Structure formats: C-alpha cells, structure tokens
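> My questions all concern the structure below.
The values are calculated or read from the model by the stated rules, or taken from the named source; none is laboratory data. Note that the structure is a prediction, hence the values are computed from the model and not measured. Every residue, glycine among them, receives a Cβ derived from its backbone with ideal geometry; neighbour counts consider all protein chains shown.
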Amino acid sequence: MSAPVFRFAPSPNGELHLGHAYSALLNEQLAAAIGGRLLLRIEDIDTTRCTPEFEAGILRDLSWLGIRWEEPVRRQSEHFDAYRDMLERLSRDDLVYPAFMSRGEIRAHIAESEAKGRHWPRDPDGVPIYPATDKQLSSSERKRRITEGAPFSWRLDMQAALSSLPAPLAWTEFTDEGLGGSRAVEARPQEWGDVVIARREIPTSYHLSVVTDDALQGVSHVVRGRDLYAATSVQRLLQELLGLPAPAYFHHRLILGPDGRKLSKSLGDSGLAALRDGGATPADIRRMVKLW
C-alpha cells in the first residue's frame, strides 16, 4: 500500500498569513503522524495576479517555519495542457458550453427579474447563480461569436452533468484535527449553478485544475480551510464526470482576525513576513495558531 499523500497549495497572489501557516503546519503534522508524504503545489493559474516575487515569499516563509516538502514543486501555470485535456473530455460529453454574458449583462438580467418580484438564487458564497440564457444558443451562433472574438468562459452545464450520474454524490470528511473520525457528506453541486470551468484565455479554473492535480499527484488527503467546504461539492462532481479518484477531506477551522473576520492576503492581515520582521519565532507562530 502506498503512503498517504497530503498537499499544501497556496496561490502566489499575496503574502502568507497566519491562516496559511496553520494550514501548512497542520498538513505537515498529519502527514508525519500517519507516515504520509507532503507536497507543495503553487496554484498560479491567475497569471495577472500571481507573481514570482510572491512565490519566493511563500517558499521563504514555509522554510522559516521549518516545513519540509517533496520536490519538485508543481506549478499549475506549467501544466495547462493537462487541464485542456480534461476540458476537452467534458466538451466531448456535451457537459460544458460557452457563456458570453458580461458581468454588466448578468447584473441587468437579474435586476430585471427581481424587479418583477422573482427571487434570484445565490450560490453558497452569496453570488447570484449564472442566468445561463446563452445555453440555448445554436451551435452555429456559438461558433460565430467565438470566431468573431467575443469574450466568453466555459461553464459546466450543471443539469446535464447531474443527469449523467448513476447515483447521488458524497465525500468522506474527517471530523477532527487528528483525523480520528469521519462521516459521509452529501455533495450538492447544484447549489452552485453553471460554474465556470475554464476561460477563453486560460483553459482551466480553480475547480478543474485542483481535481486534475490531486489525481495526477496521487493526493489521498485534502486538508484545507472551512471556507472551501461548499466548493468540495463541485470538485466531487468533476471527479465523478472525469473518472478521477476522490481524496478524503478535512476542512479545518479558520484563523480569524481580532474583529472576527477571516484573514485576507489583500489586507495584509497577520502576514508571516511582518511577524518575522517583528521578532516572532516559528514557535510563536505555532502558539498563535494553537498548534504546539
């Protein structure tokens, strides 16, 4: 039997903060406890916001914490061909369609509907579900718009995807930091509507690249923040549609700021570099995230 495989997968679009430290340290701790391996993956498909400087900062912070990972590091920006192959598989099965509505058109469509007294559904993140009116476009009209350079994204046809499944979806969720207990969780990807699977310029999305990487890297345990709990439903659906193995999951507690909100890269909350420059030690960080 092969060793369990864990991964820490940050995006280099800002500096690591205490929440990232907790997740990375917990992954390392759990991998060591059950004789597993720890991988580092750089999730940099957003080529406009992700930078080599932020990546260097991630590596520096993790090394300072004393975390060790297996080489080589997988960078998603180097594997677009693998994601394109997965997208083409979904396309061959008629499970994706080009979506042309702009953000302004989406807002206008929803506003018009709500002005008539109709409640517009929101996804688990509170974002309005995509109207999907262009799902009814003819094949020739789709081709014409694409040929003329109209901006679009590839969206999953959620209804078609769910109809193709032989049985309801679930995933295995561990219930504590020691992976001591587990339960089956019903996946409800329909709550997200027709999610973006890829974009015209980039042949992937967070959901598609994550399930592809986890499968190709043999990841057996996904340990990440509670804020991604609902997103697991979409990823389980993609795993089923693409015939990929499903890891076991643990969605850990979030490290919150003094005001009770989730820490954010964009706001520089509790950045590890700033804490280090202020004299904090790796042991201090472990105490701050209650991992000692």
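> Which members of the range 158-176 meet the condition of being of a type in the set (G, A, S) and exposed (fewer than 12 other Cβ atoms within 10 Å of the Cβ)? Give the steps one after another, and end with the answer.
We begin by selecting, within the range 158-176, every residue of a type in the set (G, A, S); these are 160-161, 163-164, 167, 170.
Across the range 158-176, the qualifying residues are S163, A167.
> Name the residues in the range 113-162 that are of a type in the set (A, V, I, L, M, F, W, C) and in contact with a Pro (Cβ under 9 Å, 6 or more places away or on another chain), would you?
Of all residues in the range 113-162, those of a type in the set (A, V, I, L, M, F, W, C) come to 115, 120, 127, 129, 132, 137, 146, 150, 152, 154, 156, 158, 160-162.
Within the range 113-162, W120, I129, L137, I146, A150, F152, W154, L156, M158, A161, L162 meet the criteria.
> Being assigned by TED's automatic domain parsing to the domain that holds F250 and either surrounded by 14 or more Cβ atoms within 10 Å (Cβ to Cβ) or acidic (D, E) (or both) is the requirement here; does L179 meet it?
Values: assigned by TED's automatic domain parsing to the domain that holds F250: yes; either surrounded by 14 or more Cβ atoms within 10 Å (Cβ to Cβ) or acidic (D, E) (or both): yes.
The answer is yes for L179.
> What's the total number of residues in the range 27-50 that are under 18 Å from the mean Cα position of the chain (by Cα) and in a helix (DSSP H, G or I)?
Total satisfying the criteria: 1.
> Return the pairs, sorted by first residue and then second, in which the second residue is part of a helix (DSSP H, G or I) and among the charged types (D, E, K, R), the first residue lies in the range 76-101 and is closer than 28 Å to T51 by Cα, the beta carbons are less than 8 Å apart, and the residues are 6+ apart or on different chains.
Within 8 Å, the pairs are Q76/D213; H79/D213.
> Something else: Out of the range 131-181, which residues are closer than 30 Å to A32 by Cβ, touching a residue at least 40 places away in the same chain (Cβ under 8 Å) and of a type in the set (G, A, S)?
Within the range 131-181, A170, G178 meet the criteria.
> Go through the range 189-218 residue by residue and tally those that are assigned to a loop (DSSP other than H, G, I, E, B), of a type in the set (A, V, I, L, M) and either in contact with a strand residue (DSSP E or B) (Cβ under 8 Å, 6 or more places away or on another chain) or closer than 20 Å to P124 by Cα (or both). Outline the logic, then answer.
Taking the range 189-218 as the starting set, the residues that turn out to be assigned to a loop (DSSP other than H, G, I, E, B) are 193-195, 200-205, 217-218.
In the following step, the residues that additionally are of a type in the set (A, V, I, L, M) were identified as 195, 202.
Checking which are either in contact with a strand residue (DSSP E or B) (Cβ under 8 Å, 6 or more places away or on another chain) or closer than 20 Å to P124 by Cα (or both) leaves us with 195.
Residues in the range 189-218 being assigned to a loop (DSSP other than H, G, I, E, B), of a type in the set (A, V, I, L, M) and either in contact with a strand residue (DSSP E or B) (Cβ under 8 Å, 6 or more places away or on another chain) or closer than 20 Å to P124 by Cα (or both): 1 in total.
> When the residues of the range 112-157 are narrowed to those that are assigned to a loop (DSSP other than H, G, I, E, B) and crowded, with 16+ Cβ neighbours inside 10 Å, which ends up farthest from the chain's Cα centre (by Cα)?
We begin by selecting, within the range 112-157, every residue assigned to a loop (DSSP other than H, G, I, E, B); these are 116-121, 123-127, 129-132, 137-138, 148-152, 157.
With the extra rule that they be crowded, with 16+ Cβ neighbours inside 10 Å, the set shrinks to 123, 129-132, 137, 152, 157.
On the way: D123: 15, I129: 18, Y130: 19, P131: 23, A132: 22, L137: 29, F152: 21, D157: 19 Å.
Here the answer is L137.
> I'd like the residue in the range 33-50 that is under 23 Å from W292 (Cβ atoms) and of a type outside the set (A, V, I, L, M, F, W, C) and, out of all such residues, is surrounded by the most Cβ atoms within 10 Å (Cβ to Cβ).
Here the answer is G36.
> For the range 51-69, check the following and say yes or no: at least one residue is farther than 24 Å from W292 by Cβ and part of a loop (DSSP other than H, G, I, E, B).
Yes: one or more hits.
> Out of (1) within 27 Å of Y249 (Cα to Cα); (2) touching a strand residue (DSSP E or B) at 6+ places or on another chain (Cβ under 7 Å), what's the single condition that is false for I146?
(1)
> Within the range 24-36, identify whether any single residue is modelled with pLDDT of 95 or more and among the acidic types (D, E), and answer yes or no.
First pass over the range 24-36, keeping only residues modelled with pLDDT of 95 or more: 24-36.
If we keep only those that are among the acidic types (D, E) as well, we get 28.
Yes, the range 24-36 contains a residue that is modelled with pLDDT of 95 or more and among the acidic types (D, E).
> Based on this model, can you work out whether E15 counts as among the acidic types (D, E), touching a strand residue (DSSP E or B) at 6+ places or on another chain (Cβ under 7 Å) and assigned to a helix (DSSP H, G or I)? Break it down stepwise before answering.
Values: among the acidic types (D, E): yes; touching a strand residue (DSSP E or B) at 6+ places or on another chain (Cβ under 7 Å): yes; assigned to a helix (DSSP H, G or I): no.
No, not satisfied.
> Hey, can you tell me all the residues within the range 218-275 that are charged (D, E, K, R), under 24 Å from S63 (Cα atoms) and surrounded by 20 or more Cβ atoms within 10 Å (Cβ to Cβ)?
Within the range 218-275, R224, D269 meet the criteria.
> I've got another one for you. When you check I58 against the structure, is it within 19 Å of L275 (Cα to Cα), crowded, with 19+ Cβ neighbours inside 10 Å and not assigned by TED's automatic domain parsing to the domain that holds L242, yes or no? If you could, list the steps in order and put the result at the bottom.
On the way: within 19 Å of L275 (Cα to Cα): yes; crowded, with 19+ Cβ neighbours inside 10 Å: yes; not assigned by TED's automatic domain parsing to the domain that holds L242: yes.
So I58 passes the test.
> What's the number of the only condition in (1) surrounded by 17 or more Cβ atoms within 10 Å (Cβ to Cβ); (2) under 25 Å from I129 (Cβ atoms) that S91 fails to meet?
Only one criterion in (1) surrounded by 17 or more Cβ atoms within 10 Å (Cβ to Cβ); (2) under 25 Å from I129 (Cβ atoms) is unmet by S91, namely (1).
> Let me ask something else. Residues in the range 28-45 that are touching a residue at least 60 places away in the same chain (Cβ under 8 Å) and out of contact with any Lys or Arg (no Cβ under 7 Å at 6 or more places or on another chain): how many?
So the answer is 7.
> Let me ask something else about it. Scan the range 118-130 for residues that are touching a residue at least 24 places away in the same chain (Cβ under 8 Å) and closer than 14 Å to R107 by Cα and jot them down. I'd like the intermediate steps shown before the answer.
Of the residues in the range 118-130, the ones touching a residue at least 24 places away in the same chain (Cβ under 8 Å) are 121, 123-125, 129-130.
Within the range 118-130, P121, I129, Y130 qualify.
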